[in-house]
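Readers should treat all values here as calculations from the given coordinates under stated rules, not as data from a laboratory. Keep in mind the model is a prediction, meaning the values are calculated, not measured. Cβ sites come from the backbone with ideal geometry, for glycine too, and all protein chains shown count toward neighbours.
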Number of protein chains: 2
Amino acid sequence: MGEHRATLAAVAARAGVSPSTASLAFSGSGPVAQSTRERVLTAARELGYAGPDPLARSLRRGRSGIVGAVVGERLLYAFRDPVAVALLDGIAEALSPSGTGLLLLSGDAQHGSPTPEQVSRLPVDAVVFAMCGRDDDPLLDLFIGRGVPVVAIDGPDRPEVTLLRIDDYGGALDLAKHVAGLGHQRVAVAALPLRLDGRSGPVDDARRAAGGFADCRARLTATEDVFGRVPVVEAPSNVVEEGERAGRLLLSAPERPTAIVAQSDLLAVGVIRAAEALGLRVPDDLTVVGYDGIDTPWLGERVLTTVVQPMAEKGRITGRMVTELLAGRRPADANLPVHLRVGTTSGPPPA
Amino acid sequence: MGEHRATLAAVAARAGVSPSTASLAFSGSGPVAQSTRERVLTAARELGYAGPDPLARSLRRGRSGIVGAVVGERLLYAFRDPVAVALLDGIAEALSPSGTGLLLLSGDAQHGSPTPEQVSRLPVDAVVFAMCGRDDDPLLDLFIGRGVPVVAIDGPDRPEVTLLRIDDYGGALDLAKHVAGLGHQRVAVAALPLRLDGRSGPVDDARRAAGGFADCRARLTATEDVFGRVPVVEAPSNVVEEGERAGRLLLSAPERPTAIVAQSDLLAVGVIRAAEALGLRVPDDLTVVGYDGIDTPWLGERVLTTVVQPMAEKGRITGRMVTELLAGRRPADANLPVHLRVGTTSGPPPA
DNA sequence: CGATTCGATCGAATCGATTCGACCGCCGAA
DNA sequence: TTCGGCGGTCGAATCGATTCGATCGAATCG
């Protein structure tokens, strides 16, 4: 371990050629005589040289071959979210052919976590903001300041970033109209986190006014454009358990809602659980709708009424956008359509 | 975009100091007069310089600040596996304080994927083989050849790698004894993939002899040390659906087993589904046991009989091992204990 | 047979920062 | 008064490869 690793120069010396020739022999770019190449390769083997140092290579080429993906506060939460997983998978898939790696960056967080400055010092060729769409994310400023190309998914809207959106408002509007069309009037919302500060529970005016994730806000606006002001309970993270807690809270209100609009499928599953724990049947006693269109194995035969968004494609398109940016081109922003899927968890309100 | 980004040298020139002083002003190591530092920082702001180039910094320091995590064939599969997710989360958590990033490397795969050579050219300071424990993984050779420190979880056993294991054999043995103690004699196994080649179905002698993942083999050996040779059906990946397929296959055998030992909890859930689809009740008509000890929300009130392994801790210990290796020390291999958890999915065989 | 290419190889500059050793005042201690 | 030490700054070497332009011999062509 102590001994220094062989360098290209050492290999070249041993093979009796210049470093430049040795480099060509390895990279394959440029003409090298068959015999020379073999001599170099032999020398390399003898010295235990495994190829050019990635660090030096990166510096010279100006690329590290790594793309960063900013995923919320903690990996665990990101991985529990099927939407995020599908996204990351799509990105990785699109990036794979070029040998580009995906680096997970956990965003702004609390104790023990790296500071945004530390994070922005990692050698990435581009960054994807996968799921933390606050316009004022400090990481965003740092990367933009560094001149690192940024793609944002449903995320911070800035002139410098390439944006990929889904039609959050439109989807939520279709959904709300569907629920309204069934005859519901007392509706409540189980909301995604407005920001990652761990807060949960009823959303008051101050909280509403305080900004937050774009997707969450767009969906809420659409719902209230149909039903007017409705009670909203915010979940601190997008997991089933928090949906259940939010559901319990909403269902214990004096005027129980006849329909609950959950802002994600995971929350919807939680709400359904909460309802069943209270002895309510879905959809007979309570209509529950979600958002995203993920697989919901928890629901058995039932099919969740929800808005389906093209998750995997979102990831792939993101990957392609990154590829474009790395090639020095600036792709246009994109806006993907969503569609309403009417399942078996929505029905008319009880008589 | 086209214009070159400012360099530290440019900043230094503008501030009227030498590059070395400017460097010290940024890194904070070494004494710099307050006034000088401010002059440098001002010059930097004026030139839009956001701090030292990570690539150059990496080369000089000999570190990229990135640790690679090799996760099976495709990200999607890794993320669907709660064990893997808990692991990665633990690793990230342990690595976080030092600002080290986690780079996902999808292992040896098929079309479109990067070649192992490409992958091994990424600038990583260390690599964790999180879940693909084949001794002959080509990536492993490449990284070892490069002198990159490697930590393997339940993985390839090589003198160069630091190993973190759980007591796979012991746990599986306890489990098998439990099942045997209940009186079962006709037992079958739903196995994890022996290798990532997409094969599935009954495991024949050739396949048994062909090596494969260490954890899978150890668990199988323990089971057969108790019950003798048993029928084995291999799942091509560790997901519920494949467990269900394997379950259907095992349960359609002429001599139906009274107990099925699944090599993971996800597979066990699938087997239970298959059983219920056939009208069998668990555990009255069929005993099903798993491995891992993950949360199984799919099972409702039931508790899976399984072997619980300390997943999150595994991740954290891995992270600490990596930290040690980066500090130039060589930590000792570790072997974590597991324990049997008797739930409600195992019982005596039907009369 | 001389001019022109083309293939193979080499030299040297470059990527952008870090860091070791040297240097220079200046202050306090002997 | 002089020397040791320290805060502050600078020069220059270094990290390890890539790449552009130049060179040189041999083969091709007119």
- Can you give the three extents of the C-alpha atoms in region B:8-52 along their principal axes, from longest to shortest, in whole Å? 24, 18, 14
- Query: Can you give the relative contact order of chain B as a percent, counting alpha carbon pairs under 8 Å and 6+ residues apart?
  - Reply: 17
- Task: Mind listing the label-point distances from A:Arg186 to the same position on all other copies, shortest first, one decimal in nm, points 7 Å along Cα→Cβ?
- Result: 5.5
- DSSP beta bridges in region A:168-309: the antiparallel percent, rounded to 5, is 15
- Mind listing the label-point distances from A:Gly16 to the same position on all other copies, shortest first, one decimal in nm, points 7 Å along Cα→Cβ? 5.8
- Note on the structure: Quick calc, B:Ala209 & A:Arg45: beta-carbon distance into FRET formula, R0 35 Å, rounding 0.05, result 0.60
- Item | Shielding score for B:145-154, defined as the mean number of other chain Cβ atoms within 10 Å | 2
- Query: If we sort B:70-81, A:190-201 on the protection proxy, mean other Cβ atoms within 10 Å, highest first, what's the order?
  - Reply: B:70-81, A:190-201
- Query: Using mean Cβ contacts within 10 Å as the protection proxy, how do A:211-220, A:335-344, B:37-46 order, highest first?
  - Reply: A:211-220, B:37-46, A:335-344
- Message: Give the average, rounded to an integer, of partner chain Cβ atoms located within 10 angstrom of each Cβ in A:48-57.
- Response: 6
- Item | q = 0.10 Å⁻¹, the protein assembly as shown: log10 I(q)/I(0) [Debye, one scatterer per Cα] | -1.06
- In whole angstrom, largest first, the equivalent ellipsoid semi-axes that the Cα gyration tensor gives for region A:168-309 are 20, 16, 16
- Item | Label 7 Å beyond Cα on the Cβ vector: B:Ser35 copy-to-copy distances, nm | 6.8
- Quick one: compute the contact order of region B:1-160, relative version, from alpha carbon pairs under 8 angstrom and 6+ residues apart, as a percent. 19
- For chain B, what is the calculated [θ] at 222 nm in deg cm²/dmol (nearest 500), taking -39500 (n - 2.57) for each run of four or more DSSP H residues and dividing by its residue count? -12500 deg cm²/dmol
- Shielding by partners, peptide B:77-90 (average Cβ within 10 angstrom, other chains): 3
- Query: If you wrap region A:1-97's Cα atoms in a convex hull and average its projection over all directions, what's the area in nm²?
  - Reply: 9.4
- Item | Antiparallel bridge percentage (DSSP; both residues within the protein assembly as shown; nearest 5) | 20
- Query: With each label point set 7 Å from Cα along the Cα-Cβ vector, what nm distance links B:Thr7 and A:Ala33?
  - Reply: 3.6
- Item | Beta bridges per DSSP with both ends in chain A, % antiparallel, nearest 5 | 15
- Item | Dmax and Rg, reported as Rg then Dmax, of chain B (C-alpha, Å) | 25.7, 91
